[in-house]
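So the structure is just underneath, and the comments pick up after that.
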Amino acid sequence: MSRMGDTIKNARIKCGMTEKQLAKKTGNAENFIKEIESGRRIPSDDQARRILKALGATESMSTELDVAAEPEVKLRPRPTPYIIPVEEDKPKPTKKEIEERTEANDAWLDALGGVVKRVPVIDEKGLAIDHVLFPIVGGKIEGGAPDKVLMFRVPDNSLTGFRVHAGDLLLVVPDKTPVDDALMLIFSKGRRVVRKIKKMEGSKLLLQSYDREFVSETVMWAEIQILGRCVKLQRSL
């Protein structure tokens, strides 16, 4: 419906007229009135004045005619829909291609041997599951010998309270002695874990974890094997 059609229809209903009665009063066909009210026909200014005058809606006349005289606002055309093409899966490389790429990467790393080092990523069982490149600065990586440092993939959320989450990678430099308040990689009860260390009297150590609750466990130094100190956190988004 158009605004003019709405105004005429509302005024007609207010007057209690039917379309047929209004058509007869204005000298028009009933279908003509219906088409105007439905918006299928736009009346001329003169026709609109006669209809509104017959309905006694003289107050709305000037406003509606002014609106009708305003230039039509052209809407932007709706953009044509299109489908973003999906790249087809590339064929998997053959065993020979993988070997050639590995050899090329190894040759590249050998050429940069004094600049970067491929550091192994290990899991809680000590298996190398990946590698991460680290820069060598002053002959060391974060203070550790390049051939001795490693990355440990955190297996669970037992360190969430220390802002370390499952899947995070911790760079570990070799260290056999406990460092107070440090996150350290230890071997305990048949697996590798990271715990915050607190030194106590004698040879006692406090192993701290923090998932939903803060947990501490007192052990003798001889009961565990200290593998290294965590010095850097790496997290993927």
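Assorted remarks:
- Some residue of region 132-141 being among the β-branched types (V, I, T), closer than 20 Å to I226 by Cβ and in contact (Cβ under 8 Å) with a residue 12 or more places away in the chain: yes
- Among all residues of region 151-161, there is at least one that is over 18 Å from V116 (Cα atoms), in contact (Cβ under 8 Å) with a residue 60 or more places away in the chain and surrounded by 12 or more Cβ atoms within 10 Å (Cβ to Cβ).
- Selection count, region 1-31, where residues are surrounded by fewer than 18 Cβ atoms within 10 Å (Cβ to Cβ) and part of a helix (DSSP H, G or I): 13
- V179 vs. criteria out of contact with any Pro (no Cβ under 7 Å at 6 or more places or on another chain), under 28 Å from P135 (Cβ atoms) and in a strand (DSSP E or B): no
- Selection count where residues are surrounded by 16 or more Cβ atoms within 10 Å (Cβ to Cβ) and touching a Phe, Trp or Tyr at 6+ places or on another chain (Cβ under 6 Å), scope region 197-226: 2
- Scoring L185 on the criteria (1) in contact with a Gly (Cβ under 6 Å, 6 or more places away or on another chain); (2) surrounded by fewer than 18 Cβ atoms within 10 Å (Cβ to Cβ) leaves a single failure, condition (2).
- Check on V164, under 21 Å from R235 (Cα atoms), crowded, with 16+ Cβ neighbours inside 10 Å and out of contact with any Lys or Arg (no Cβ under 6 Å at 6 or more places or on another chain): yes
- Residue within region 194-202 that is charged (D, E, K, R), in the same structural domain as G161 (by TED's automatic domain parsing) and within 21 Å of M151 (Cα to Cα) present: yes
- In summary, S216 fulfils each of the numbered conditions (1) under 29 Å from V115 (Cα atoms); (2) assigned to a strand (DSSP E or B); (3) among the hydroxyl-bearing types (S, T, Y) with the single exception of condition (1).
The values are calculated or read from the model by the stated rules, or taken from the named source; none is laboratory data. Everything quoted here is computed from the prediction, not taken from an experiment. Because the Cβ atoms are built from the backbone with ideal geometry, glycine has one as well, and the counts that use them run over all protein chains shown.
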